[in-house]
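K.L.:
Can you read through this structure? Questions will come right after.
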Amino acid sequence: MKNKRKGKEIASDPSDEDDDHDASHSSDDEESESDENSTVNVDFEFFDPKPEDYHGVKLLLQNYLDDCEWDLAGFVNLILGQTRVGTIVKAGGDDPIGLITALNIRRYKELPSIQAIRDFLVKRAKNSPELSKLQALWQSDKNVGLLVSQRLMNVPLELCPPLHDAIFDEIAWATEDEPSVELRESFKFQQYLIQTRVYKEKVPKKQPVNEDGNFIFIKPEDELFFQLSSWHFTFPVQAETMLAHQTKGLQLLGLVMAVSAKQIKAFRSKLKGLVC
């Protein structure tokens, strides 16, 4: 088991109680106010991937390729089968609330799940000037890591640095500790490919569109990856991750980025600064 990390979650707001009950005694009001300002301590634990995490991980990744039908089961099994590099996050229970891993595209390129990801991204990039770069990256003999990071929205920001430290430390260790030369070499990533989601303000049809500006990043680390990326492209997606009333005037986009492994040191430093 990996190191335990502790975090906090804000207690739920009890404002949905009956007005009569709220007004019954001043002491009740004081107690309610105290409850609103209280926090609940939650222990977050990092685990190596295990087969019993299958259903929870599958749920976390159910919209990874938007609303497409693909070999999600095979993808989940691939993630869980790579036990030395990858982390599952849990909080006071058995169900995963987050995960992060890095998969070598070249090593697994013949698997149906990885082929489905390639086809999905190539199709979405067909009108992008970055299509040729995406295809070249996928066909490259170099080691490219597909960095997969997914978690529930209420996972605290404070977990981001240790979670990413875990994956990049494990990648470094794998280059020395894996049992075969082939496996050790496979973790010497030169680039990372990241597929995530962002929001962007909808622009009236008559106004010019700024393709690269005004992103609202759902995961703060994605903004850092974006700043350090060598190229990127976006595409519209169908599946929603927030309630409709929260996203009025916003468009949900898929964001694909290529980040050089040489930028990871800077990323880790910036991520710690973002939280501290």
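K.L.:
Working only within the stretch 98-111, note down all residues that are among the hydrophobic types (A, V, I, L, M, F, W, C) and surrounded by fewer than 20 Cβ atoms within 10 Å (Cβ to Cβ). Give the derivation first.
P.N.:
Taking the stretch 98-111 first, the residues among the hydrophobic types (A, V, I, L, M, F, W, C) are 99-100, 102-103, 105, 111.
The answer is L111, and nothing else.
K.L.:
Any residue in the stretch 164-176 that is buried (at least 18 other Cβ atoms within 10 Å of the Cβ), of a type outside the set (A, V, I, L, M, F, W, C) and not in a helix (DSSP H, G or I)? Lay out the reasoning, then the answer.
P.N.:
Taking the stretch 164-176 and keeping what is buried (at least 18 other Cβ atoms within 10 Å of the Cβ), we get 164, 166-168, 170-171, 174.
Filter once more, so that each one left must be of a type outside the set (A, V, I, L, M, F, W, C): 164, 170.
Next, only the ones that are not in a helix (DSSP H, G or I) stay: none.
No - not one qualifying residue is present in the stretch 164-176.
K.L.:
Another question, if that's okay. Would you please name the residue that is farthest from the chain's Cα centre (by Cα), looking only at residues in the stretch 90-122 that are under 25 Å from E176 (Cβ atoms) and among the hydrophobic types (A, V, I, L, M, F, W, C)?
P.N.:
Filtering the stretch 90-122 down to residues under 25 Å from E176 (Cβ atoms) leaves 99-109.
Checking the rest, the ones that are also among the hydrophobic types (A, V, I, L, M, F, W, C) come to 99-100, 102-103, 105.
Numbers: L99: 8, I100: 7, A102: 11, L103: 14, I105: 18 Å.
Checked the stretch 90-122; the qualifying residue farthest from the chain's Cα centre (by Cα) is I105.
K.L.:
A further question follows. With (1) surrounded by 14 or more Cβ atoms within 10 Å (Cβ to Cβ); (2) in contact (Cβ under 8 Å) with a residue 40 or more places away in the chain as the list, and I114 as the residue in question, which single condition is left unmet?
P.N.:
Unmet condition: (2).
K.L.:
Any idea which of (1) part of a loop (DSSP other than H, G, I, E, B); (2) under 21 Å from L228 (Cα atoms) is the one A102 doesn't satisfy?
P.N.:
(1)
K.L.:
Restrict the check to the stretch 140-155 and report whether at least one residue is in a helix (DSSP H, G or I), in contact (Cβ under 8 Å) with a residue 24 or more places away in the chain and under 20 Å from the mean Cα position of the chain (by Cα).
P.N.:
Here is the first cut: in the stretch 140-155, the residues in a helix (DSSP H, G or I) are none.
Within the stretch 140-155 (the criterion being in a helix (DSSP H, G or I), in contact (Cβ under 8 Å) with a residue 24 or more places away in the chain and under 20 Å from the mean Cα position of the chain (by Cα)), the answer is no, since none of the residues qualifies.
K.L.:
Follow-up. Would you check if T234 is of a type outside the set (K, R), at pLDDT 95 or above and either crowded, with 18+ Cβ neighbours inside 10 Å or part of a loop (DSSP other than H, G, I, E, B) (or both)?
P.N.:
Details: of a type outside the set (K, R): yes; at pLDDT 95 or above: yes; either crowded, with 18+ Cβ neighbours inside 10 Å or part of a loop (DSSP other than H, G, I, E, B) (or both): yes.
Yes: the conditions hold for T234.
K.L.:
Across the stretch 117-142, which residue is modelled with the lowest pLDDT among those that are among the acidic types (D, E) and either farther than 15 Å from W70 by Cα or crowded, with 18+ Cβ neighbours inside 10 Å (or both)? Break it down stepwise before answering.
P.N.:
Just the residues of the stretch 117-142 that are among the acidic types (D, E), to begin with: 119, 130, 141.
Keeping just the survivors that are either farther than 15 Å from W70 by Cα or crowded, with 18+ Cβ neighbours inside 10 Å (or both) gives 130, 141.
Values: E130: 98, D141: 93.
Among them, the one singled out is D141.
The values are calculated or read from the model by the stated rules, or taken from the named source; none is laboratory data. It should be emphasised that the depicted structure is a prediction, and the values quoted were computed from it without experimental measurement. Note: ideal-geometry Cβ built from the backbone for every residue, glycine included; neighbour counts use all protein chains shown.
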